[in-house]
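Enquirer: Got a structure here, written out as structure tokens. Questions coming.
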Amino acid sequence: MATTHKTRMLIIGSGPAGLSAAIYGARAGMQPIVVQGLQPGGQLTITTDVENYPGFRDVIQGPWLMQEMQAQAEHVGTRMIWDTILDVSLEGPPFRATGDSGDIYEGDVLVIATGAQAKWLGVPGEQEFSGKGVSACATCDGFFYRGKKVVVIGGGNTAVEEALYLTNHSPDVTLIHRRDSLRAEKILQDRLFAHPNVKVLWNRKVDSFVGEDGKGLTGVKLIDTVTGEESLVETDGAFVAIGHAPATELFKGKLELDANGYIVVEPGTPKTAIPGVFACGDVMDHTYRQAVTAAGTGCMAALDAERFLAEHDFKAAQAAKV
Ligand code: NDP
């Protein structure tokens, strides 16, 4: 039978943003419920080595970090529920969410931390060598390719920024793009073209990622989109940078989304246009997209949620007196 779960603070999403909101929310007495979603722990659960999350001198594993974050959130009083939200009603408070299980979740505040997913090419070898040479995040994994040869696939701002970032580590960066011009901003293009460590392969699409068992990725097989000619580029690392898709399907028509589908918040805050509804992490941030920045905005959401509830409760108490 369907159950209704009521809480002061309902959090959708269990990556670093959602769990940080939960840790702060629980410690502020809001007894949060976190509905975990299809990928409990978020994007970090599909990465391996993490070297840029502060507090750990040695390399740690993404899935382990998320288990620890979840345990910490539970330890301070968060209730984790494994369900996938299929519908939300933002006419609150209370705000209501309906799960795949049929259960209803009601929160006096709602924190949206549904994250984003890197887009993948979907070609042979991509999944096989994911984490073994194929990555979607240069800031996360670029360091592992010090002195090595890398390629970046894509032609937007992300691809160009990733290529430029990789020049900090690699003397040999190749950008592979399917057309003969980039869509990245001109200033980024100028920097890219001027960089001595970067070359660009135009009009090439990736046919497949190739490698060897045990050795990981060794190359990328390309097809010339004009001539149809096939070629193989040897490489140690390949960074797929063809965009991200924020998980905002649930909120279309209910919250303002930007042209790329990210939730619009009041600048510098996690506040959406609906009082009591907050968005944090990658679902509202297409610029930084780091675990540590997601955790930071999760904390901000909890602090603002606490202030919202204090004000809301005060007004309700005043109204009850009249
Ligand atoms: P974009 O959608 O801007 O670019 C995606 C790129 O990947 C395009 O060049 C596209 O090619 C290519 N691509 C898409 N699918 C495929 C495919 N299947 N095979 C090969 N290539 C493919 O995504 P970004 O992540 O670069 O940027 C997203 C948004 O975030 C943009 O608005 C961007 O401006 C913004 N952003 C801003 C930054 C900043 O201001 N510093 C940094 C990063 C992003 P094609 O050009 O042929 O369509």
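The values are calculated or read from the model by the stated rules, or taken from the named source; none is laboratory data. Since the model is a prediction, treat every value here as computed from it, not as a measurement. Ideal geometry is used to build each Cβ from the backbone, glycine not excepted, and the neighbour counts take in all protein chains shown. Calculation scope for accessible area: heavy atoms of the full protein, side chains included, ligands and nucleic acids excluded. Shrake-Rupley method; radii C 1.70, N 1.55, O 1.52, S 1.80 Å.
Enquirer: For the stretch 140-159, how many residues meet the condition of being within 11 Å of the ligand (Cβ to nearest atom) and more than 21 Å from Ile223 (Cα to Cα)?
Expert: Residues in the stretch 140-159 being within 11 Å of the ligand (Cβ to nearest atom) and more than 21 Å from Ile223 (Cα to Cα): 2 in total.
Enquirer: Working only within the stretch 257-281, note down all residues that are within 16 Å of the ligand (Cβ to nearest atom) and under 18 Å from Ile23 (Cβ atoms).
Expert: Listed by number, the list holds a single entry, Gly281.
Enquirer: Oh, and also: Just checking, does the stretch 123-133 include any residue being over 20 Å from Val233 (Cα atoms), of a type in the set (S, T, N, Q) and open to solvent by 40 Å² or more (accessible area, probe 1.4 Å)?
Expert: No, the conditions are met nowhere in the stretch 123-133.
Enquirer: Given the criterion within 16 Å of the ligand (Cβ to nearest atom), open to solvent by less than 20 Å² (accessible area, probe 1.4 Å) and over 30 Å from Val233 (Cβ atoms), identify the matching residue among Gly115, Gly99.
Expert: Residue meeting the stated conditions: Gly115.
Enquirer: Sticking with this structure for a sec: When only residues in the stretch 78-93 that are open to solvent by 50 Å² or more (accessible area, probe 1.4 Å) and acidic (Asp, Glu) count, which is nearest to Glu306 (Cα to Cα)?
Expert: Checked the stretch 78-93; the qualifying residue nearest to Glu306 (Cα to Cα) is Glu91.
Enquirer: Next question, about the same structure. Quickly run through the stretch 176-229 and pick out the residues that are open to solvent by 80 Å² or more (accessible area, probe 1.4 Å), in contact with a strand residue (DSSP E or B) (Cβ under 8 Å, 6 or more places away or on another chain) and away from the ligand (no atom under 16 Å from the Cβ).
Expert: Residues satisfying the conditions are Lys199, Glu212, Glu229.
Enquirer: Here's something else I'd like to know. Pairs under 7 Å by beta carbon, first residue of a type in the set (A, V, I, L, M) in the stretch 60-86, partner open to solvent by 90 Å² or more (accessible area, probe 1.4 Å), six or more apart or different chains?
Expert: Between residues of the stretch 60-86 that are of a type in the set (A, V, I, L, M) and residues that are open to solvent by 90 Å² or more (accessible area, probe 1.4 Å), the close pairs are Val76/Arg27; Leu86/Asp100.
Enquirer: Same structure again: Being surrounded by 20 or more Cβ atoms within 10 Å (Cβ to Cβ), hydroxyl-bearing (Ser, Thr, Tyr) and in contact with a strand residue (DSSP E or B) (Cβ under 6 Å, 6 or more places away or on another chain) narrows it down to one residue among Ser14, Ser20; which is it?
Expert: Of the residues listed, the single one that is surrounded by 20 or more Cβ atoms within 10 Å (Cβ to Cβ), hydroxyl-bearing (Ser, Thr, Tyr) and in contact with a strand residue (DSSP E or B) (Cβ under 6 Å, 6 or more places away or on another chain) is Ser14.
Enquirer: What are the residues in the stretch 279-293 that are at pLDDT 95 or above and surrounded by fewer than 19 Cβ atoms within 10 Å (Cβ to Cβ), if any?
Expert: Hits for the stretch 279-293 are Val292, Thr293.
Enquirer: Return the residue satisfying two criteria in turn: it lies in the stretch 221-252 and is of a type in the set (Val, Ile, Thr) and assigned to a loop (DSSP other than H, G, I, E, B), and of such residues it is nearest to Lys149 (Cα to Cα).
Expert: Thr235
Enquirer: Can you tell me how many residues within the stretch 260-278 are part of a loop (DSSP other than H, G, I, E, B) and either at pLDDT below 95 or buried (at least 19 other Cβ atoms within 10 Å of the Cβ) (or both)?
Expert: Residues meeting the conditions: 6.
Enquirer: Confirm whether Leu44 is of a type outside the set (Lys, Arg), under 19 Å from Cys299 (Cβ atoms) and assigned to a strand (DSSP E or B).
Expert: For Leu44, the condition - of a type outside the set (Lys, Arg), under 19 Å from Cys299 (Cβ atoms) and assigned to a strand (DSSP E or B) - is not met.
Enquirer: List the pairs whose first member sits in the stretch 90-101 and is in contact (Cβ under 8 Å) with a residue 60 or more places away in the chain, whose second member is open to solvent by 50 Å² or more (accessible area, probe 1.4 Å) and part of a loop (DSSP other than H, G, I, E, B), and whose Cβ atoms are under 8 Å apart, counting only residues at least 6 apart or on separate chains?
Expert: Leu90/Lys254; Ser101/Ala2
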